[in-house]
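Derivation of every value follows stated rules applied to the coordinates shown; laboratory data play no part. It should be emphasised that the depicted structure is a prediction, and the values quoted were computed from it without experimental measurement. Cβ coordinates were reconstructed from backbone atoms using ideal geometry, including for glycine residues, and neighbour counts include every protein chain displayed.
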Amino acid sequence: MSSVEALKSVANDIYIVGSKPILYVKSSDALVIADVHLGYEEAMASQGVFIPRTQLRRGLRVLREARRLVEARRLVINGDLKHSFSKLLRQERVEVEQFIAEASSLGFKEIVLVRGNHDNYVSPLLRRLNVSIIEEYMDVGGGIALTHGHLEVMPESDIVVIGHEHPAVQINAGGSKVKFPALLLMPTVKGGLIVVMPAFGSYQTGNIVTLDRSNYLSPLVKSYGVIEDTVPVIVDEGLGTITLSKLEAMEKTLL
């Protein structure tokens, strides 16, 4: 069951949920998030940068609110549940356990992680928590596949949903620089579509979208994306969900 008013269609069978960095994939009855980066605050503290430990609390709030809007049976984390590359930090272990426990209590029948480049050393913990782990990509039906986006593997699907980029739109508004998290609808040279998700983590919304292909992180975007025809969609809980013009048409307003 879902609230139709809470869903904004962005592609076939894919919806943004309540202006949150969460997608609903109807064909799979799944809520999809990406780039959670639990443990980020501890990783930054180890480098002498101290920031409030708010990501877990904010992330659970957003997930609870989305679950009330859409009673999906499955939660898919499309890469980078945790932050540290080199080990499983103490904060990561605690927060991953809390996050999965809360998700389970919300009534999801299945929780799946599609591995991202940050998801090292977490597999044994997730298996104990009954989380399924997929290494490359997940075919969810309806011509849709989910993959984190850091690998060179391109699924043979009409629509490929990735994370990894943490896209944001920065606009020159009367001389002021204003930045918003964004979803990208990116046509491909193969005639398909890449949907680039906004980051779920509150400290991860920052890679500014441009027309310069070299600024993108994902090899799938670099190899297959038609950058100039990409349509950004602002996804902001306060501002709402706003579909913008193609990047080529926005060249003068983008910074």
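General remarks:
- Charge dipole (debye, nearest 20) of region 4-250; +1 at Cβ of Lys and Arg, -1 at Cβ of Asp and Glu: 680 debye
- Restricting region 105-143 to GluC sites (Glu not before Pro) in coil, as DSSP defines it, with at most 14 other Cβ within 10 Å: Glu135, Glu136
- Residue ranges 26-36, 119-129 sort as 26-36, 119-129 when ordered by packing (mean number of other C-beta atoms within 10 Å per residue, highest first).
- Inter-part distance where region 87-114 and region 137-189 are each reduced to a Cα centre, Å: 24 Å
- Take the Cβ atoms of Glu156 and Arg53, set R0 to 51 Å, and the FRET efficiency comes out at 0.80.
- Dividing the helix sum by the residues of the chain, where each DSSP H run of 4 or more adds -39500 (n - 2.57), gives a mean residue ellipticity at 222 nm of -5500 deg cm²/dmol.
- Taking 0.36 nm per residue of separation and subtracting the current Cα-Cα distance, fully stretching the chain between Ser9 and Glu136 would add 43.1 nm.
- Cα-Cα over 30 Å, subset of Lys8/Lys82; Lys109/Lys179; Lys109/Lys222; Lys82/Lys190: Lys109/Lys179; Lys109/Lys222; Lys82/Lys190
- DSSP-loop chymotrypsin sites (Phe, Trp or Tyr not before Pro) across region 9-110, with at most 14 other Cβ within 10 angstrom: Phe50, Phe85
- Virtual spin-label span in nm between Leu60 and Ala45, 7 Å along Cα→Cβ: 1.7 nm
- In order along region 46-52, the phi-based Karplus estimate (6.51 cos²θ - 1.76 cosθ + 1.60, θ = phi - 60°) of 3J(HN,Hα) comes to 5, 9, x, 10, 10, 10, x Hz; Gly and Pro are listed as x.
- Residues whose amide H comes within less than 5 Å of that of Ile133, counting only those at least five positions distant or on another chain, are Leu113 (H built at 1.01 Å from N in the peptide plane).
- Label of the coordinate-derived value, percent of Cα pairs over 35 Å apart, listed as (1) 40; (2) 10; (3) 22: (2)
- Rounded to whole numbers, the Karplus 3J(HN,Hα) couplings from phi for region 163-173 are x, 6, 7, 6, x, 9, 9, 10, 10, 8, 10 Hz, using 6.51 cos²θ - 1.76 cosθ + 1.60 with θ = phi - 60°, and x at Gly and Pro.
- In nm, spacing of pseudo-spin labels at Glu71 and Val94 (7 Å Cα→C-beta vector): 3.5 nm
- GluC sites (Glu not before Pro) within region 166-255: DSSP coil, no more than 13 neighbouring Cβ in 10 Å: Glu237, Glu251
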